[in-house]
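Below: one structure, written as structure tokens.
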Amino acid sequence: MTAAYVEHFGLREAPFSKEIADSDLWLPPSKEELVDQLTSAIVERDSIVLVGDPGVGKTCVLRALRHRIPQAGYRLTYCHNVTLGRRDFYRHLCLALGLSASATAGAVFYAVSTHVQEVGRERTHPVFLLDEAHLLHQDTLDHLHILLNYEWDSRALLSLVLVGLPELRDRLELRRNRSLYSRLHRRLQIDSLTPDDTGAYIRMRLRRAGCDREIFASDAIAMIHEAAVGAMRDIDRVATAALRDTARRKRKLVERDVIARVLEADARRD
């Protein structure tokens, strides 16, 4: 059933749903340079660590990166569940390296060592992207640096991309992990959305839902940005609640007083 506020504003669908088709990829303007840096690192066969707070757009950046990496010459393997058991994790790793999936860590490293010449001659460079990498088991971190120490560091067997919350960087800085950290040549951070990003994001989501006019007053957008601290998931939640409140009051413009009520209600629930 279509939500009442969707009909009230003449929209085709709920504009701030979490479901976003890959074809509707939108990259915040302030993140363009970051995606360029990531793409450049992979082309140069570097390994990368990328950290950022929840909701700041890591998924948008990674989806943009996937589309930006040249299709010819690169094989991207994405692992979104790094809390898998060792067996399944290393099967993902085998797929990244273009080897037959193996059941154990030992089998993976045996496969790498016995087929290293074939892997090394491949014209396709493996890119292994581990999302939520702050949740990696320590024994997995202990093994990853071995993969990056190929032929005594003389060449890159694969590009490893570790993506996670800021505590990932804290873990990598520990003495136990310094060998791995030293091989992550690009250390990048994704910052919160800028105020301009927030305005562009809200307008983009509304436009894709069929809106061809301004629904949010500029000062209302500023309040949403400040409350969400630039996190898109929080923007979605506050903006949706504001649309519902505005529709109930039979108004056509989301104004500052509406955002204030929404945020006050949030504070009471907390």
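The values are calculated or read from the model by the stated rules, or taken from the named source; none is laboratory data. These numbers come from a predicted model, not from an experiment. Quick reminder, even Gly has a Cβ in these numbers, built from the backbone with ideal geometry, and neighbours come from all protein chains shown. Just so you know, the surface numbers come from the protein's heavy atoms only, side chains and all, with ligands and any DNA or RNA stripped out. Shrake-Rupley method; radii C 1.70, N 1.55, O 1.52, S 1.80 Å.
Condition check: farther than 26 Å from Gly210 by Cα, touching a Phe, Trp or Tyr at 6+ places or on another chain (Cβ under 9 Å) and not aromatic (Phe, Trp, Tyr). Does Val35 satisfy that? Here the answer is no, as Val35 does not meet what is asked.
To keep it simple, each residue is scored yes or no on (1) among the polar types (S, T, N, Q); (2) closer than 15 Å to Ala14 by Cα; (3) open to solvent by less than 10 Å² (accessible area, probe 1.4 Å).
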position	(1), (2), (3)
Ala209	no, yes, yes
Glu214	no, no, no
His225	no, no, no
Asp245	no, yes, no
Arg251	no, no, no
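Answer with yes or no whether Val6 is open to solvent by less than 10 Å² (accessible area, probe 1.4 Å) and either in a helix (DSSP H, G or I) or farther than 30 Å from Ile215 by Cβ (or both). Spelling it out, Val6 is indeed open to solvent by less than 10 Å² (accessible area, probe 1.4 Å) and either in a helix (DSSP H, G or I) or farther than 30 Å from Ile215 by Cβ (or both).
Select from region 121-149 the residues that are open to solvent by less than 20 Å² (accessible area, probe 1.4 Å) and at pLDDT below 75 and list them in ascending order.
Our first condition is that a residue be open to solvent by less than 20 Å² (accessible area, probe 1.4 Å); within region 121-149, this holds for 125-131, 133, 136, 140-141, 144, 147.
Answer for region 121-149, where residues must be open to solvent by less than 20 Å² (accessible area, probe 1.4 Å) and at pLDDT below 75: just Leu147.
For region 64-80, enumerate the residues that are over 12 Å from Thr39 (Cβ atoms) and either in contact with a helix residue (DSSP H, G or I) (Cβ under 7 Å, 6 or more places away or on another chain) or open to solvent by 100 Å² or more (accessible area, probe 1.4 Å) (or both). Residues satisfying the conditions are Gln71, Thr77, Tyr78, Cys79, His80. Only one of Ser30, Ser102 is more than 30 Å from Ala247 (Cβ to Cβ), within 21 Å of the chain's Cα centre (by Cα) and either buried (at least 16 other Cβ atoms within 10 Å of the Cβ) or at pLDDT below 85 (or both). Can you tell me which? Only one candidate qualifies: Ser30.
When the residues of region 150-174 are narrowed to those that are of a type in the set (Lys, Arg) and either modelled with pLDDT of 75 or more or in a helix (DSSP H, G or I) (or both), which ends up nearest to Ile42 (Cα to Cα)? Before the answer, list the steps.
From region 150-174, those of a type in the set (Lys, Arg) are 155, 169, 171; that's our starting set.
Now restrict to residues that are either modelled with pLDDT of 75 or more or in a helix (DSSP H, G or I) (or both): 169, 171.
Values: Arg169: 20, Arg171: 23 Å.
Ranking the qualifying residues of region 150-174, first place goes to Arg169.
For Ala265, state whether it is open to solvent by less than 80 Å² (accessible area, probe 1.4 Å) and more than 27 Å from Cys60 (Cβ to Cβ). Here the answer is yes, as Ala265 does meet what is asked.
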